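> Just dropping this structure here.
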Amino acid sequence: MNPIGDQLNIDTPELVSIEMPIAGIGSRFIGILIDTLISSAVLVLLVVIGFFIIAAVHFTSHVSENWILGIVFLIVFLLQWGYFALFEAFNNGRTPGKMVAKIHVIHRSGRAVSFIEALARNLVRAIDYMPGFYTIGIIAIFVSKQNQRLGDMVAGTLVVRD
């Protein structure tokens, strides 16, 4: 593996060199913006549905509203933490936003990311986001030679253009 500027060159065992352009801050921003809009819309929809269910349960059943509220919070939590990791692990490194931006996540070796790598890079997203809208992540991308945010560094991944 040999990064040259914004280019990643991977030499295969068959002595074939594969070149991939590394995604920059602009295409990554487009991807995260679209993913944020999608996940926020789904989140709002789930919360509205949850409140309707809580209201219906309150008037028709003896089931505690706290159980329903707990289930809604669990679904919101899974959406928040699972959206990126599941799409990246099971959709060839692409979330819907990454598909629009024509970028995807790969391991530094050039292979597809595993679920554990996708989960690791996205658990660190909470730190990359601090103190607001990916400030630490943006700084890390500018400082890194391979345009990696902290989550990418932890998981050994890169975001490349298609």
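> Could you please find all residues in region 130-162 being touching a residue at least 24 places away in the same chain (Cβ under 8 Å), assigned to a loop (DSSP other than H, G, I, E, B), within 15 Å of the chain's Cα centre (by Cα) and surrounded by fewer than 16 Cβ atoms within 10 Å (Cβ to Cβ)?
GLY156
> Just to check your reading of the model, which residue among ALA101, ALA56 is over 18 Å from ARG161 (Cβ atoms) and of a type in the set (Gly, Ala, Ser)? Break it down stepwise before answering.
Details: ALA101 fails: over 18 Å from ARG161 (Cβ atoms).
Answer to the check: ALA56.
> Of all residues in region 101-129, which are open to solvent by 60 Å² or more (accessible area, probe 1.4 Å), part of a helix (DSSP H, G or I), without any contact (Cβ under 8 Å) to a residue 40 or more places away in the chain and under 18 Å from PHE87 (Cα atoms)?
Of everything in region 101-129, those that are open to solvent by 60 Å² or more (accessible area, probe 1.4 Å), part of a helix (DSSP H, G or I), without any contact (Cβ under 8 Å) to a residue 40 or more places away in the chain and under 18 Å from PHE87 (Cα atoms) turn out to be PHE115, ILE116.
> Residues that are hydroxyl-bearing (Ser, Thr, Tyr), out of contact with any Gly (no Cβ under 6 Å at 6 or more places or on another chain) and within 17 Å of LYS98 (Cα to Cα): does region 37-49 have at least one? Talk me through it step by step, then tell me what you get.
First pass over region 37-49, keeping only residues hydroxyl-bearing (Ser, Thr, Tyr): 39-40.
Narrowing the set further to residues that are out of contact with any Gly (no Cβ under 6 Å at 6 or more places or on another chain) leaves 39-40.
Right, trim to within 17 Å of LYS98 (Cα to Cα) and you get 39-40.
Yes, some residue in region 37-49 is hydroxyl-bearing (Ser, Thr, Tyr), out of contact with any Gly (no Cβ under 6 Å at 6 or more places or on another chain) and within 17 Å of LYS98 (Cα to Cα).
> Applying the selection to region 43-65, what residues are under 25 Å from TYR83 (Cα atoms) and surrounded by fewer than 11 Cβ atoms within 10 Å (Cβ to Cβ)?
VAL44, LEU45, VAL48, PHE52
> Also: Consider region 4-38. How many of its residues are at pLDDT below 90, open to solvent by 60 Å² or more (accessible area, probe 1.4 Å) and not small (Gly, Ala, Ser)?
Taking region 4-38 and keeping what is at pLDDT below 90, we get 4-20.
Remaining after also requiring open to solvent by 60 Å² or more (accessible area, probe 1.4 Å): 4, 6, 11, 13-19.
From what is left, the residues that are not small (Gly, Ala, Ser) are 4, 6, 11, 13-16, 18-19.
Residues meeting the conditions: 9.
> Closer than 25 Å to ALA120 by Cβ and either out of contact with any helix residue (DSSP H, G or I) (no Cβ under 7 Å at 6 or more places or on another chain) or open to solvent by 30 Å² or more (accessible area, probe 1.4 Å) (or both): does that describe LEU78?
On the way: closer than 25 Å to ALA120 by Cβ: yes; either out of contact with any helix residue (DSSP H, G or I) (no Cβ under 7 Å at 6 or more places or on another chain) or open to solvent by 30 Å² or more (accessible area, probe 1.4 Å) (or both): yes.
Judged against the criteria, LEU78 is a match.
> What tally of residues in region 87-100 results from selecting those that are in contact (Cβ under 8 Å) with a residue 24 or more places away in the chain, under 17 Å from ALA41 (Cβ atoms) and surrounded by fewer than 21 Cβ atoms within 10 Å (Cβ to Cβ)?
2
The values are calculated or read from the model by the stated rules, or taken from the named source; none is laboratory data. As the structure is a computational prediction, the values presented were derived from the model and not from experiment. Quick reminder, even Gly has a Cβ in these numbers, built from the backbone with ideal geometry, and neighbours come from all protein chains shown. The protein model used for the area step is the full one, side chains on, heavy atoms only, and it has no ligands, DNA or RNA in it. Shrake-Rupley method; radii C 1.70, N 1.55, O 1.52, S 1.80 Å.
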